[in-house]
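The values are calculated or read from the model by the stated rules, or taken from the named source; none is laboratory data. In this text the structure is predicted, and so the values were computed from the model without any measurement. Backbone-built Cβ (ideal geometry, glycine too); neighbour counts: all protein chains shown.
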């Protein structure tokens, strides 16, 4: 206890340099923990976004582009799929079910998805979970809308509220379909997927709000909401569609069949394998971030070592007095080990707290921008190993000034040489 008290008082005399070293270590620990948490939960969120869907089909472009706009609602399609082609592929003998997807509109920054009621039946996430309603039910009326949990939460919507959709991704007065308001008929339970960020309406509703629009602009001839009900609202095109097979052994054969479809250029992707490709691409950035975090940790520990070494001359009398009053060699070394331990431990605690703060700030941003949900969790075994490794490295780095101080204390005596 006496040695700990001496170490604490000695460190207090040099608090500015040691605090800066501790803050540097805290930043590196925070970066390591945040990167590790986002890496693990981001991968889980990616993998769990869509499951039990054999193929996703869209206009021919790139697999990652098709996956991003059809599953993650990021970006836009290069072209649409004709309704005729969709119906023909849906009628293939290998096809068990299909779910059409129509994107392009928005509501206050959230994407609008036009689909049919099979979406709520066949969409699976997190290894096979069904979509469930927290309140209300799926759309029945032409102007019904089903909200994802984050949409309802962020915009404080409840059942029966009226909402207005906008043409495109920018919500301006000019782009709004204000003459055809929708009623909130249902709110989905949270899934931790882009579904939470989506407003769901029927394909016929998408057609209804565009009956008096031409080439992306409102027509001078207006058609009322009630008049639109009486019109034939069969879609001419859709953005993409999900497809399930009767027999999964036919997946690659069906994929090749769609990719060689002659009526129009289409692309069929396996969502699971494409998700893996996407994650591997992001994994390179993850490795770079982890390497940077370790370098920051190393620089923080080197800063602490530099601080301890730079004060050795100032502490010669202190070490000599300790030896003359009976301190053993291990007391001198232990004094430096304790100081280093306090600096690194303080950095680890600050870094742990800072990592929670960063996760709290990043959580809604990741959901809003990328549809990735991360949970604020207690550190797992690997993260405790990171913290433990930092403590051990700090103790190892403090051995050098401790050994130097021990050797000098015998030579200097009580007289400080100038």
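Residue under question is residue 25, and the condition is that it be closer than 24 Å to residue 278 by Cβ, touching a helix residue (DSSP H, G or I) at 6+ places or on another chain (Cβ under 8 Å), crowded, with 20+ Cβ neighbours inside 10 Å and at pLDDT 85 or above; does it hold?
So residue 25 fails the test.
I'd like to know if region 203-225 contains one or more residues that are free of Cβ contacts under 8 Å to residues at least 24 places away in the same chain and on the phi > 0 side of the Ramachandran plot.
yes
Take region 240-255 and flag every residue that is touching a residue at least 60 places away in the same chain (Cβ under 8 Å) and over 11 Å from residue 56 (Cα atoms). Reasoning before the result, please.
Keep residues of region 240-255 that are touching a residue at least 60 places away in the same chain (Cβ under 8 Å), which gives 240-248, 250-251, 253-255.
Once the filter is applied, which keeps residues that are touching a residue at least 60 places away in the same chain (Cβ under 8 Å) and over 11 Å from residue 56 (Cα atoms), region 240-255 yields 245, 246, 247, 248, 250, 251, 253, 254.
Could you check region 84-103 and list, in sequence order, the residues that are more than 27 Å from residue 151 (Cβ to Cβ) and assigned to a helix (DSSP H, G or I)? Quick ask: steps written out before the conclusion?
If we filter region 84-103 for residues that are more than 27 Å from residue 151 (Cβ to Cβ), which is where we start, we get 84-85, 87-96.
Within region 84-103, 84, 85, 87, 88, 89, 90 qualify.
Examine region 155-166 for a residue that is free of Cβ contacts under 8 Å to residues at least 12 places away in the same chain and under 30 Å from residue 44 (Cβ atoms), and state whether such a residue exists.
Here is the first cut: in region 155-166, the ones free of Cβ contacts under 8 Å to residues at least 12 places away in the same chain are 156.
Those still in the list that are under 30 Å from residue 44 (Cβ atoms) too: 156.
Scanning region 155-166 turns up at least one residue that is free of Cβ contacts under 8 Å to residues at least 12 places away in the same chain and under 30 Å from residue 44 (Cβ atoms).
Can you name the condition, by its number, that residue 227 falls short on among (1) surrounded by fewer than 22 Cβ atoms within 10 Å (Cβ to Cβ); (2) closer than 15 Å to residue 98 by Cβ?
Condition not satisfied by residue 227: (2).
Only residues that are in a strand (DSSP E or B) and under 12 Å from residue 179 (Cβ atoms): list them for region 205-224, please. Full working, then the answer.
Narrowing region 205-224 to residues in a strand (DSSP E or B): 213-214, 217-218.
Answer for region 205-224, where residues must be in a strand (DSSP E or B) and under 12 Å from residue 179 (Cβ atoms): 213, 218.
Would you be able to say whether some residue in region 186-201 is touching a helix residue (DSSP H, G or I) at 6+ places or on another chain (Cβ under 7 Å), assigned to a loop (DSSP other than H, G, I, E, B), more than 18 Å from residue 138 (Cβ to Cβ) and in contact (Cβ under 8 Å) with a residue 40 or more places away in the chain?
Within region 186-201, one or more residues are touching a helix residue (DSSP H, G or I) at 6+ places or on another chain (Cβ under 7 Å), assigned to a loop (DSSP other than H, G, I, E, B), more than 18 Å from residue 138 (Cβ to Cβ) and in contact (Cβ under 8 Å) with a residue 40 or more places away in the chain.
Given the criterion assigned to a helix (DSSP H, G or I), modelled with pLDDT under 75 and closer than 19 Å to residue 344 by Cβ, identify the matching residue among 403, 399.
Of the residues listed, the single one that is assigned to a helix (DSSP H, G or I), modelled with pLDDT under 75 and closer than 19 Å to residue 344 by Cβ is 403.
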